[in-house]
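Everything below concerns the one structure shown next.
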Amino acid sequence: MGAISRFCAAFLVVLGAALVADKARAASNTYGSTLAYSCYQGARSLHGDIALMRLCTRALAEEALTPAQRAHTFVNRGIAQILRGNADGALADYAAAEGIMPGLAEARVNRGLVYLRQGEHEMAISEIRAGQAAGCIEPAPCLYALALARELEGDLSGAYRDLQGTLALDADFAPAKQALARFRVERRAKPAA
(Lines give C-alpha, C1' and ligand atoms only; values in the text may rest on other atoms or scores of the structure.)
Protein backbone atom coordinates (compact mmCIF):
# COMPACT_ATOMS: atom_id res chain seq x y z
CA MET A 1 0.00 0.00 0.00
CA GLY A 2 1.43 3.40 -0.95
CA ALA A 3 2.09 6.16 1.51
CA ILE A 4 -0.94 8.12 0.26
CA SER A 5 -3.24 5.22 0.99
CA ARG A 6 -1.85 4.79 4.49
CA PHE A 7 -2.04 8.52 5.23
CA CYS A 8 -5.56 9.02 4.03
CA ALA A 9 -6.68 5.92 5.72
CA ALA A 10 -6.14 6.90 9.18
CA PHE A 11 -6.30 10.41 9.36
CA LEU A 12 -4.69 8.95 8.14
CA VAL A 13 -2.82 8.96 4.58
CA VAL A 14 0.55 10.24 0.67
CA LEU A 15 2.90 10.47 -2.26
CA GLY A 16 5.41 7.63 -2.48
CA ALA A 17 8.73 8.54 -0.96
CA ALA A 18 7.95 12.24 -1.18
CA LEU A 19 5.56 12.31 1.78
CA VAL A 20 5.87 10.36 4.98
CA ALA A 21 2.27 10.20 6.08
CA ASP A 22 1.59 6.74 7.38
CA LYS A 23 1.05 7.99 10.92
CA ALA A 24 -1.28 10.89 10.21
CA ARG A 25 -4.57 9.76 11.57
CA ALA A 26 -7.53 10.85 13.56
CA ALA A 27 -8.64 7.69 15.23
CA SER A 28 -11.61 8.29 17.47
CA ASN A 29 -11.18 7.29 21.07
CA THR A 30 -13.76 4.86 22.42
CA TYR A 31 -13.62 3.79 26.06
CA GLY A 32 -15.75 1.41 28.08
CA SER A 33 -16.47 -1.12 25.36
CA THR A 34 -14.25 -4.09 24.67
CA LEU A 35 -14.92 -4.52 20.94
CA ALA A 36 -15.22 -0.79 20.25
CA TYR A 37 -12.00 -0.09 22.13
CA SER A 38 -10.22 -2.85 20.21
CA CYS A 39 -11.54 -1.27 17.00
CA TYR A 40 -10.05 2.07 18.11
CA GLN A 41 -6.70 0.45 18.90
CA GLY A 42 -6.65 -1.26 15.49
CA ALA A 43 -7.46 1.98 13.67
CA ARG A 44 -4.83 3.83 15.64
CA SER A 45 -2.20 1.27 14.70
CA LEU A 46 -3.26 1.42 11.02
CA HIS A 47 -3.94 -2.30 10.69
CA GLY A 48 -6.49 -2.33 7.88
CA ASP A 49 -7.01 -6.04 7.60
CA ILE A 50 -10.34 -7.79 7.26
CA ALA A 51 -10.21 -8.80 10.93
CA LEU A 52 -10.31 -5.13 11.97
CA MET A 53 -13.29 -4.51 9.69
CA ARG A 54 -15.12 -7.44 11.26
CA LEU A 55 -14.21 -6.33 14.76
CA CYS A 56 -15.51 -2.80 14.20
CA THR A 57 -18.66 -4.13 12.53
CA ARG A 58 -19.25 -6.49 15.46
CA ALA A 59 -18.82 -3.62 17.91
CA LEU A 60 -21.48 -1.62 16.04
CA ALA A 61 -23.86 -4.58 15.82
CA GLU A 62 -23.40 -6.32 19.17
CA GLU A 63 -22.41 -3.80 21.80
CA ALA A 64 -24.64 -1.38 23.68
CA LEU A 65 -22.74 1.75 22.74
CA THR A 66 -23.52 5.30 23.74
CA PRO A 67 -24.19 7.60 20.79
CA ALA A 68 -20.67 9.04 21.11
CA GLN A 69 -19.10 5.57 21.21
CA ARG A 70 -21.13 4.54 18.17
CA ALA A 71 -20.08 7.64 16.21
CA HIS A 72 -16.40 7.13 17.08
CA THR A 73 -16.60 3.46 16.17
CA PHE A 74 -17.95 4.44 12.74
CA VAL A 75 -14.93 6.74 12.32
CA ASN A 76 -12.59 3.93 13.28
CA ARG A 77 -14.29 1.51 10.90
CA GLY A 78 -13.96 4.19 8.22
CA ILE A 79 -10.23 4.21 8.86
CA ALA A 80 -10.18 0.44 8.42
CA GLN A 81 -12.16 0.87 5.18
CA ILE A 82 -9.71 3.34 3.66
CA LEU A 83 -6.77 1.20 4.73
CA ARG A 84 -8.36 -1.55 2.64
CA GLY A 85 -8.74 0.84 -0.30
CA ASN A 86 -12.50 1.32 0.07
CA ALA A 87 -12.94 5.11 -0.14
CA ASP A 88 -16.72 4.87 -0.65
CA GLY A 89 -17.09 2.69 2.44
CA ALA A 90 -14.94 5.07 4.47
CA LEU A 91 -16.96 8.09 3.36
CA ALA A 92 -20.19 6.25 4.24
CA ASP A 93 -18.86 5.47 7.72
CA TYR A 94 -17.77 9.09 8.29
CA ALA A 95 -21.23 10.24 7.18
CA ALA A 96 -22.82 7.75 9.59
CA ALA A 97 -20.65 9.12 12.40
CA GLU A 98 -21.72 12.67 11.61
CA GLY A 99 -25.34 11.56 11.45
CA ILE A 100 -24.97 10.67 15.11
CA MET A 101 -22.63 13.52 16.13
CA PRO A 102 -22.86 16.34 13.57
CA GLY A 103 -19.52 18.04 12.95
CA LEU A 104 -17.47 15.30 14.65
CA ALA A 105 -13.89 16.51 14.19
CA GLU A 106 -12.32 13.13 13.43
CA ALA A 107 -14.99 12.35 10.82
CA ARG A 108 -14.27 15.67 9.08
CA VAL A 109 -10.48 15.26 9.16
CA ASN A 110 -10.63 11.69 7.92
CA ARG A 111 -13.05 12.67 5.15
CA GLY A 112 -10.52 15.34 4.20
CA LEU A 113 -7.82 12.69 3.98
CA VAL A 114 -9.98 10.62 1.65
CA TYR A 115 -10.39 13.71 -0.54
CA LEU A 116 -6.64 14.25 -0.39
CA ARG A 117 -6.08 10.71 -1.57
CA GLN A 118 -8.52 11.33 -4.42
CA GLY A 119 -6.62 14.47 -5.50
CA GLU A 120 -9.33 16.87 -4.30
CA HIS A 121 -6.93 19.17 -2.45
CA GLU A 122 -9.29 22.13 -1.90
CA MET A 123 -12.03 19.91 -0.52
CA ALA A 124 -9.44 18.11 1.61
CA ILE A 125 -8.17 21.35 3.13
CA SER A 126 -11.73 22.56 3.77
CA GLU A 127 -12.69 19.35 5.59
CA ILE A 128 -9.46 19.17 7.59
CA ARG A 129 -9.84 22.80 8.68
CA ALA A 130 -13.46 22.17 9.65
CA GLY A 131 -12.33 19.20 11.72
CA GLN A 132 -9.69 21.30 13.44
CA ALA A 133 -12.23 23.99 14.21
CA ALA A 134 -14.52 21.36 15.73
CA GLY A 135 -11.73 20.31 18.09
CA CYS A 136 -9.74 17.18 17.34
CA ILE A 137 -9.09 14.82 20.23
CA GLU A 138 -5.48 14.62 19.00
CA PRO A 139 -4.67 18.06 17.49
CA ALA A 140 -1.13 17.24 16.29
CA PRO A 141 -2.19 14.64 13.69
CA CYS A 142 -4.97 16.98 12.55
CA LEU A 143 -2.53 19.82 11.91
CA TYR A 144 -0.10 17.39 10.28
CA ALA A 145 -2.88 16.33 7.90
CA LEU A 146 -3.39 19.97 6.91
CA ALA A 147 0.36 20.35 6.34
CA LEU A 148 0.34 17.39 3.96
CA ALA A 149 -2.65 18.75 2.08
CA ARG A 150 -0.98 22.14 1.73
CA GLU A 151 2.24 20.55 0.51
CA LEU A 152 0.37 18.60 -2.15
CA GLU A 153 -1.42 21.77 -3.19
CA GLY A 154 1.93 23.57 -3.55
CA ASP A 155 1.66 25.83 -0.50
CA LEU A 156 5.10 24.98 0.86
CA SER A 157 5.27 27.94 3.27
CA GLY A 158 1.93 26.98 4.80
CA ALA A 159 2.96 23.34 4.97
CA TYR A 160 6.20 24.27 6.71
CA ARG A 161 4.37 26.44 9.27
CA ASP A 162 1.85 23.67 9.95
CA LEU A 163 4.61 21.10 10.41
CA GLN A 164 6.31 23.41 12.91
CA GLY A 165 2.95 23.87 14.63
CA THR A 166 2.48 20.11 14.77
CA LEU A 167 5.78 19.76 16.61
CA ALA A 168 4.81 22.61 18.95
CA LEU A 169 1.76 20.53 19.89
CA ASP A 170 3.68 17.24 20.10
CA ALA A 171 7.45 17.48 19.99
CA ASP A 172 7.73 13.70 19.55
CA PHE A 173 5.45 13.41 16.51
CA ALA A 174 7.88 11.54 14.25
CA PRO A 175 6.04 11.99 10.91
CA ALA A 176 6.24 15.78 11.29
CA LYS A 177 9.94 15.58 12.13
CA GLN A 178 10.53 13.43 9.05
CA ALA A 179 8.50 15.76 6.84
CA LEU A 180 10.36 18.84 8.08
CA ALA A 181 13.65 17.16 7.18
CA ARG A 182 12.61 17.42 3.51
CA PHE A 183 12.46 21.23 3.73
CA ARG A 184 15.34 23.58 3.24
CA VAL A 185 14.80 27.17 4.35
CA GLU A 186 16.69 29.83 2.45
CA ARG A 187 16.79 33.49 3.28
CA ARG A 188 16.92 35.61 0.18
CA ALA A 189 18.54 38.99 0.10
CA LYS A 190 16.20 41.83 -0.72
CA PRO A 191 16.95 43.42 -4.08
CA ALA A 192 18.69 46.76 -3.87
CA ALA A 193 16.28 49.65 -4.30
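The values are calculated or read from the model by the stated rules, or taken from the named source; none is laboratory data. Note that the structure is a prediction, hence the values are computed from the model and not measured. Virtual Cβ from ideal backbone geometry, glycine too; neighbours counted across all protein chains shown. What goes into the accessible areas is simple: the full protein's heavy atoms, side chains included, and nothing from ligands, DNA or RNA. Shrake-Rupley method; radii C 1.70, N 1.55, O 1.52, S 1.80 Å.
Summary table below
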{"item": "Accessible-area order (highest first, 1.4 angstrom probe) of the listed residues Arg54, Arg129", "result": "Arg54, Arg129"}
{"item": "Cα gyration tensor, segment 55-118 - rounded (a/c under 1.5), prolate or oblate", "result": "oblate"}
{"item": "Cys39 accessible area, 1.4 Å probe, all protein chains in place, Å² to nearest 10", "result": "0 Å²"}
{"item": "Å² per residue, accessible surface of segment 80-163 at 1.4 Å", "result": "38 Å²"}
{"item": "Accessible-area composition of segment 89-149, carbon plus sulfur, in percent [1.4 Å probe]", "result": "53 percent"}
{"item": "Cα gyration tensor category, rounded, prolate or oblate, for segment 51-91 with a/c compared to 1.5", "result": "oblate"}
{"item": "Packing-based order for 40-46, 75-81, 94-100, using average beta carbon neighbours within 10 Å, highest first", "result": "75-81, 40-46, 94-100"}
{"item": "Rounded, prolate or oblate (a/c below 1.5 giving rounded, otherwise prolate when a/b exceeds b/c) for segment 109-149 by Cα gyration tensor", "result": "prolate"}
